[in-house]
Amino acid sequence: MFDLHPKLARKLRTMQKVYVSLLLVLLTLQLAAQNNKQNIRGTVLDKQSLSPVIGATVQILNTNKGTKTDEKGMYLLSDIEPGRYELKVSYIGYKEVSLSNIIVSSGKECIQDFLIEENVRNLKETVIKVTNKTRTNNELATISARTFSTEEVNRYAGGRSDPARLVANFAGVSAPDDSRNDIVVRGNSPVGVLWRIEGMNVPNPNHFATIGTTGGPVSALNTNMLRNSDFFTSAFPAEYGNANAGVFDLGFRKGNANKREHMIQFGMLTGIEAATEGPLKKGSDASYLIAYRYSFTGLAQAIGLNVGTTATPFYQDLTFKVNSGEGKYGRFTLFGLAGKSKISFKHDDIDSSDLFADPTADSYFTSDVAVVGLKHLYKVNSKSYINTILGATFAASNYDQDSVYTNSDPVRVVVNQTKRLNYNFMTNYNYKVNRRLFLKAGVQAEVMNLDLFYKVKINAPNWKYLWDYDNATSLLQAFVHAKYSFSDNLTANVGLHTQYLTLNGSSSLEPRAALKYSMGRYGSLSMGYGLHSQMQPTDVYFFRKLQADGSYDESNRDLAFTKSHHLVLGYDLIPVKDWRVKLETYYQHLFNVPVHAFASSYSMLNTGSSFYPNNQSNLRNTGTGTNYGVELTVEKFYSKGYYGLMTATLYDSKYKGSDGVEHNTAFNSKYVFNMLAGKEFKLGAAKRNTFFTDIKLTTAGGRYFTPVDLAASQLAHEQVLMGDTYAFSERNPNYFRIDFKTGFTYNSKKHKRSHSFFFDIQNVTNHKNVFAVRYNAITNSMNTAYQIGLFPNFQYKFQF
């Protein structure tokens, strides 16, 4: 928004010299050297009822280490050498579960919980094996879903310790802009993505975020706080609403309830970070976990170091989770996130080649985000429980722009202020009726208090008021979902979701259904269908346009939900141990899409393709769109010291505006191909230390765009696009990028400490990927803006 993020990307590239100097100081740390081991512990629960599984066997494969769970479902494996392990959990009447890639380091105890599923047939001698590598945390997910771990976020090259950038490696997902973490899911606009933390819907969890967006340049999510989380790309279970593209269902991990542990981390992009965790009370299961980050550039500026630019991006965030442990009244969890960011751009600190620079303007931007929630889990009996969340979220941004001319004082010409304070209530009831049937039903209310103010007077004597709204509206949602297992090989998920917007009475009733059939060693077949709906970005509802008679057109307030039908077919195969082949094909039909009331190529399906706000009025829900494609995933899970992932997507994304003509969407890249591989080497006499390398290749089709009318732009001295006939008719060159990452972890023999060093080079070939071809007012000609070139990133982590 307001051309902020291309400028910020240019500023981030100037940090590197100072960072390298500080890293060299860290490399002088003295590493001690005798005998030190760690523990693996956790709980084993029934996946549907969350009741403890007593007497379950937990084993470390290929070793003689094993134990059984106690009356609380807890287990402990002690005296474990640092390294990577695979755990297996088994219990009579339950499906055997294995989980690989369990990392043990000297500096941190490993906590790994398991949710295991009861067999449909109670045959004591039958062993049904399941791998957590292909399963999701959400019990009701059947298709188009993937679980990712914090370890993957930190290991994959080019990920910047950002979960959004990680999922761009998955089939059907692409990242259209190197400077931001917006993601395009199966040709949909990034604004179609829903973010959830600990089960609560949250606003954009990124620094430098603006209203109506779901991404940003720097994530406010601390990956050291995350547990394994789910990502959905289509046909979501019934509990997820208000999303048409994808769902991030994230959770914070629990702190260590047995002993205190700490972490210090230093990264060029993640900043200076400190975290601590431990028990609230000895002998109980209560714990705390808290982490704070401060931007590297902010610290450098505070101590007087030159980072190469006066436009210093500053950000900081705090994340916490406090867990009460099990008690008479259930388990209470308090969680939260708070982030602040700011940056200023001065007219005398610009580059003439920067297409987004303005030599006549100073701009100032700030952004705040906050999330706090109290979660209560109450077990009604051994078969059912109630999960309730009461919380609040806050998002605010301020953008001011001054016109600066020679021999005159700055004149303010843009004021954009947004505040959004949401109160959330969610509760759901979970009931394991028997080993075949599981039911889940819930309601959610989100009260949105909005304070939106936006006025401009660029090249005009008087202010034009585009937003002026200070009031509240609510989004109410409810769902019911049933999972029924006809056998251990055939499972059905059916559900119904409904939602209602009090602002204008928009409503939706959405059926969801999925079926999965397992064919044993021949893989499994899945199919899913869902009707999904989503409210428009908040800024769209309240944009207004001044009419000739002095009144304002505020008809956008009447916009209904954009809706879409999702249909997916999938085939999943584990051909040999630790390998997976997955094939999915999908079709999505979008309708009720906001377009102009008059004949035009404009459509809300292209929102997020530029940094301009949604300054469009007189919209109607008459547009449509289609996305369809096929996706292939070939994955080698981490084992025997190496791993690999290849994803290929072929797709088409089209829309119709009010002109009735079918156009390419701005996100129709046609294809995306990712391939990454990594190898880990054990070092030292005891093989306690590790060195790894990871390489990633990404190529994708160029994005479509509407060409610039150069003659008209030169006349107006600002960019003017060609008419509707040319909408998204031209295409950028294909995208190509190679990233490389390497790291070393030292596990102390004498102390419970570990040191990790990471070096990540993005775009190692310095390939010039076109970001945009647009009019440059400074040169009065057409110029090309490129994505980020070669970009080294460094990180150091100390756990103790």
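The values are calculated or read from the model by the stated rules, or taken from the named source; none is laboratory data. Nothing here was measured: the structure is a model prediction, and the numbers come from that model. Here the Cβ positions follow ideal geometry from the backbone for every residue, glycine too, while neighbour counts run over all protein chains shown. Accessible surface areas use protein heavy atoms only, side chains included; no ligands, DNA or RNA. Shrake-Rupley method; radii C 1.70, N 1.55, O 1.52, S 1.80 Å.
All but one of (1) in contact with a strand residue (DSSP E or B) (Cβ under 6 Å, 6 or more places away or on another chain); (2) part of a strand (DSSP E or B) hold for ASN471, so report the exception by its number.
Tallying (1) in contact with a strand residue (DSSP E or B) (Cβ under 6 Å, 6 or more places away or on another chain); (2) part of a strand (DSSP E or B), ASN471 fails exactly one: (1).
Among the numbered criteria (1) in a strand (DSSP E or B); (2) in contact with a Phe, Trp or Tyr (Cβ under 9 Å, 6 or more places away or on another chain); (3) not acidic (Asp, Glu), which single criterion is violated by TYR571?
In the conditions (1) in a strand (DSSP E or B); (2) in contact with a Phe, Trp or Tyr (Cβ under 9 Å, 6 or more places away or on another chain); (3) not acidic (Asp, Glu), TYR571 misses (2) alone.
So that you can scan it fast, the table gives a plain yes or no per residue for (1) in contact (Cβ under 8 Å) with a residue 60 or more places away in the chain; (2) closer than 17 Å to ARG160 by Cα; (3) in contact with a strand residue (DSSP E or B) (Cβ under 6 Å, 6 or more places away or on another chain):
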residue	(1), (2), (3)
ARG180	yes, yes, no
GLU198	yes, no, yes
PRO203	yes, no, yes
ALA209	yes, no, yes
MET225	yes, yes, yes
ALA238	yes, no, yes
GLY246	yes, no, yes
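Listed residues ALA168, ALA141; which is modelled with pLDDT of 85 or more, of a type in the set (A, V, I, L, M) and open to solvent by 20 Å² or more (accessible area, probe 1.4 Å)?
ALA141
Would segment 728-738 turn up any residue that is more than 30 Å from PHE673 (Cα to Cα) and open to solvent by less than 80 Å² (accessible area, probe 1.4 Å)?
No, segment 728-738 contains no residue that is more than 30 Å from PHE673 (Cα to Cα) and open to solvent by less than 80 Å² (accessible area, probe 1.4 Å).
For LYS464, are the conditions met, namely being open to solvent by 70 Å² or more (accessible area, probe 1.4 Å) and in contact (Cβ under 8 Å) with a residue 60 or more places away in the chain?
Against the criterion (open to solvent by 70 Å² or more (accessible area, probe 1.4 Å) and in contact (Cβ under 8 Å) with a residue 60 or more places away in the chain), LYS464 qualifies.
Are any of the residues in segment 200-215 in a loop (DSSP other than H, G, I, E, B), over 30 Å from PHE800 (Cα atoms) and modelled with pLDDT of 95 or more?
No, segment 200-215 contains no residue that is in a loop (DSSP other than H, G, I, E, B), over 30 Å from PHE800 (Cα atoms) and modelled with pLDDT of 95 or more.
Among the numbered criteria (1) farther than 15 Å from ASN592 by Cα; (2) among the hydrophobic types (A, V, I, L, M, F, W, C); (3) assigned to a strand (DSSP E or B), which one does PHE543 miss?
Of (1) farther than 15 Å from ASN592 by Cα; (2) among the hydrophobic types (A, V, I, L, M, F, W, C); (3) assigned to a strand (DSSP E or B), only one is false for PHE543: (3).
Looking only at segment 741-800, count how many residues are at pLDDT below 90, part of a loop (DSSP other than H, G, I, E, B), of a type in the set (Val, Ile, Thr) and surrounded by 15 or more Cβ atoms within 10 Å (Cβ to Cβ).
Going through segment 741-800 one residue at a time, the tally reaches 2.
Please work out if GLU326 is among the acidic types (Asp, Glu) and at pLDDT 95 or above.
no
Hey, can you tell me all the residues within segment 171-191 that are of a type in the set (Gly, Ala, Ser), more than 13 Å from THR214 (Cα to Cα) and surrounded by 24 or more Cβ atoms within 10 Å (Cβ to Cβ)?
ALA171, GLY172, SER174, GLY187
Kindly provide the set of residues from segment 82-101 that are part of a strand (DSSP E or B), among the aliphatic types (A, V, I, L, M) and open to solvent by 10 Å² or more (accessible area, probe 1.4 Å), ordered by number.
Result: LEU99, single match.
Just the residues that are in a loop (DSSP other than H, G, I, E, B) and either closer than 23 Å to TYR602 by Cα or among the hydroxyl-bearing types (Ser, Thr, Tyr) (or both), please, taken from segment 718-740.
Selection gives GLU718, GLN719, VAL720, MET722, GLY723, ALA727, PHE728, SER729, ASN732.
Would you call ARG160 open to solvent by 20 Å² or more (accessible area, probe 1.4 Å) and within 12 Å of the chain's Cα centre (by Cα)?
No.
Mind checking which residues of segment 611-659 are out of contact with any strand residue (DSSP E or B) (no Cβ under 7 Å at 6 or more places or on another chain) and more than 30 Å from LEU466 (Cα to Cα)?
Residue satisfying the conditions is LYS640 alone.
Residues GLY528, GLY523: which one is over 30 Å from GLN417 (Cβ atoms), buried (at least 16 other Cβ atoms within 10 Å of the Cβ) and without any contact (Cβ under 8 Å) to a residue 60 or more places away in the chain?
Result of the check over GLY528, GLY523: GLY523.
Within the group GLU662, GLU680, which residue is modelled with pLDDT under 95 and touching a strand residue (DSSP E or B) at 6+ places or on another chain (Cβ under 9 Å)?
Only one candidate passes the filter, namely GLU680.
Looking at segment 629-640, which of its residues are in contact with a Ser or Thr (Cβ under 8 Å, 6 or more places away or on another chain) and either of a type in the set (D, E, K, R) or within 12 Å of GLU584 (Cβ to Cβ) (or both)?
If the condition is that a residue be in contact with a Ser or Thr (Cβ under 8 Å, 6 or more places away or on another chain) and either of a type in the set (D, E, K, R) or within 12 Å of GLU584 (Cβ to Cβ) (or both), then GLY629, VAL630, GLU631, LEU632, THR633 are the ones that fit.
From the residues in segment 259-277 that are touching a Leu at 6+ places or on another chain (Cβ under 9 Å) and crowded, with 17+ Cβ neighbours inside 10 Å, which one is farthest from ARG160 (Cα to Cα)?
It comes out as GLU277.
Filter segment 591-641 down to residues that are within 19 Å of THR725 (Cβ to Cβ), aliphatic (A, V, I, L, M) and either under 24 Å from the mean Cα position of the chain (by Cα) or not in a strand (DSSP E or B) (or both), then give me how many there are.
2
For segment 136-150, check the following and say yes or no: at least one residue is in contact (Cβ under 8 Å) with a residue 40 or more places away in the chain, of a type in the set (S, T, N, Q), assigned to a loop (DSSP other than H, G, I, E, B) and under 30 Å from PHE453 (Cβ atoms).
Among the residues of segment 136-150, not one is in contact (Cβ under 8 Å) with a residue 40 or more places away in the chain, of a type in the set (S, T, N, Q), assigned to a loop (DSSP other than H, G, I, E, B) and under 30 Å from PHE453 (Cβ atoms), which makes the answer no.
Among the residues of segment 173-189, count how many are touching a helix residue (DSSP H, G or I) at 6+ places or on another chain (Cβ under 6 Å), within 14 Å of PHE231 (Cβ to Cβ) and assigned to a loop (DSSP other than H, G, I, E, B).
The total comes to 2.
Scan segment 252-277 for residues that are closer than 12 Å to GLU109 by Cα and not in a strand (DSSP E or B) and report the count.
Count: 6.
In segment 572-600, what count of residues is obtained for those that are open to solvent by less than 40 Å² (accessible area, probe 1.4 Å) and within 19 Å of ASN556 (Cβ to Cβ)?
6
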